[in-house]
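For reference, the structure discussed in these notes is given below.
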Amino acid sequence: MSRFYWFYSKLAFFLCVLLCIAIALSSLLHAEEKNTIRLGVMDGDEADVWRVASDVAEREGFHIKLVIFSDYSIPNEALSAGDIDANAIQHKPYFDHQIAQRGYKLSVIGNTALFPMGVYSHKIKSLSSLHAGATVGIPDDPSNEGRALRILAQYGLITLKNPDDIVATPLDIKSNPKDLKFQEMNAGIVGRAIDDFDIVIVNNTWITSSGLDPLRESIAWEKPENNPYNNVIAVRTEDLGQPWIKKLLAAYQNNTVRHELQRLFKKGFATSW
């Protein structure tokens, strides 16, 4: 009886080991075979850049399915929930703020580009001629609204209660000597509404679709000194070791995509890869 018990216990042990090896090999094979990923991007010009990146990836047998968003508050939640595999919708300060506020287990895998925000007007030629009570159109999403207000603070038009607050709103303005009147609206609409305001502040990824010329119609730019607003690609932290991450980075960080950025944004972008 003890001999049979010894035999079957050994057999069970070896079967267990074989099962563990099979599971491990299956997981590894699954990781290597993941050649299609869902990438969240914002609607607009940057989505067009990602379509070029998707074509680059396609030539290497890697498929990027673009999931288009119009609300900046959704893509990180979608990524955390597993509805998408990665997103490229935000700059690093906004990403850090989201992690701190919501506890997402997300990580940055690389940069896309830095798109300076610009101040545009069809009514004045410089911020120094902005009159008292002037109207200002700004984006209403937390990724861009605080950034727009910080530009006005850089030029001394307002001061903020906390100059480092990246999600500031008009309620966080400490002083407003010219009594500027702010109207918040969707980031994709601000540029198109330029004739309704004295100035508008537009994220550069919406310039082309807004019909604005950054070289001819801008009257001020976000100052470049220590600019932290590089846009990033984010994934779930648990996926950091997946082989497809390198493929995703390679699809964007190449000369083909850089040429598309140049075509769309002229000099209104910078890359750090």
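The values are calculated or read from the model by the stated rules, or taken from the named source; none is laboratory data. Source: prediction; values computed, not measured. All Cβ positions, even for glycine, are placed from backbone atoms using ideal geometry, and neighbour counts span all protein chains on display. Just the protein is used for accessible areas: all its heavy atoms, side chains included, with ligands, DNA and RNA removed. Shrake-Rupley method; radii C 1.70, N 1.55, O 1.52, S 1.80 Å.
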For this session: Per residue of the stretch 195-205, in order, report the coupling 6.51 cos²θ - 1.76 cosθ + 1.60 (Karplus, θ = phi - 60°) as ³J(HN,Hα) in whole Hz, putting x for Gly and Pro.
Result: 6, 8, 9, 6, 9, 10, 10, 10, 5, 5, 6
For this session: Could you work out which residue, out of Leu248, Leu215, Leu114, moves most in a Gaussian network model of the chain, that is, has the largest mean-square fluctuation with Cα springs under 10 Å?
Result: Leu215
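Dipole magnitude of the stretch 85-197 about its Cα centre, charges +1 at Lys/Arg Cβ and -1 at Asp/Glu Cβ only, in debye to the nearest 20?
Dipole size: approximately 260 debye.
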Exercise. What stretch of the chain, leaving out the sites themselves, is the longest with no GluC sites (Glu not before Pro) in a DSSP loop having at most 13 other Cβ atoms within 10 Å?
Worked result: 61-224
Exercise. Among bridges DSSP assigns within the stretch 111-202, what percent are antiparallel (round to 5)?
Worked result: 40 percent
Problem set entry | Computed over the chain: relative contact order in percent, which uses C-alpha pairs under 8 Å that are six or more apart | 28 percent
Problem set entry | Violating pairs (Cα-Cα greater than 20 angstrom) within the set Lys123/Lys223; Lys161/Lys181; Lys123/Lys181; Lys65/Lys246; Lys125/Lys223 | Lys123/Lys223
Problem set entry | Carbon + sulfur, % of accessible area of the chain - ligands and nucleic acids excluded, 1.4 Å | 55 percent
Seminar exercise, completed: GNM of the chain, Cα pairs under 10 angstrom: of Gln262, Gln154, Gln101, the biggest fluctuation goes to Gln101
Exercise. Roughly how many Å² is the accessible area per residue of the stretch 120-273, as a whole number, for a 1.4 Å probe?
Worked result: 47 Å²
Problem set entry | J(HN,Hα) series, the stretch 238-243, from Karplus relation 6.51 cos²θ - 1.76 cosθ + 1.60, nearest Hz, glycine and proline x | 5, 9, 4, x, 6, x
For this session: Before rounding to the nearest 500, sum -39500 (n - 2.57) across all DSSP H runs of length at least 4 in the chain and divide by the residue total; then give [θ] at 222 nm in deg cm²/dmol.
Result: -11500 deg cm²/dmol
Problem set entry | Nonlocal amide H pairs with Val67, under 5 Å, H built at 1.01 Å | Leu39, Gly40, Val41
For this session: Using semi-axes √(5λ) of the Cα gyration tensor in Å as the read-out, say which of [x] 47, 25, 19; [y] 48, 21, 13; [z] 42, 22, 14 was calculated from these coordinates.
Result: [y]
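Antiparallel as a % of all DSSP beta bridges within the chain, to the nearest 5? Please list the in-between numbers first.
Details: 19 of 35 bridges.
About 55 percent, rounded to the nearest 5.
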Problem set entry | Calculated log₁₀ intensity ratio I(q)/I(0) where the Debye formula runs over C-alpha points of the stretch 39-162, q = 0.09, 0.12, 0.18 Å⁻¹ | -0.35, -0.59, -1.05
Problem set entry | Cut-off under 5 Å, modelled amide H: who pairs with Lys181 long-range | Ala134, Thr135, Val136
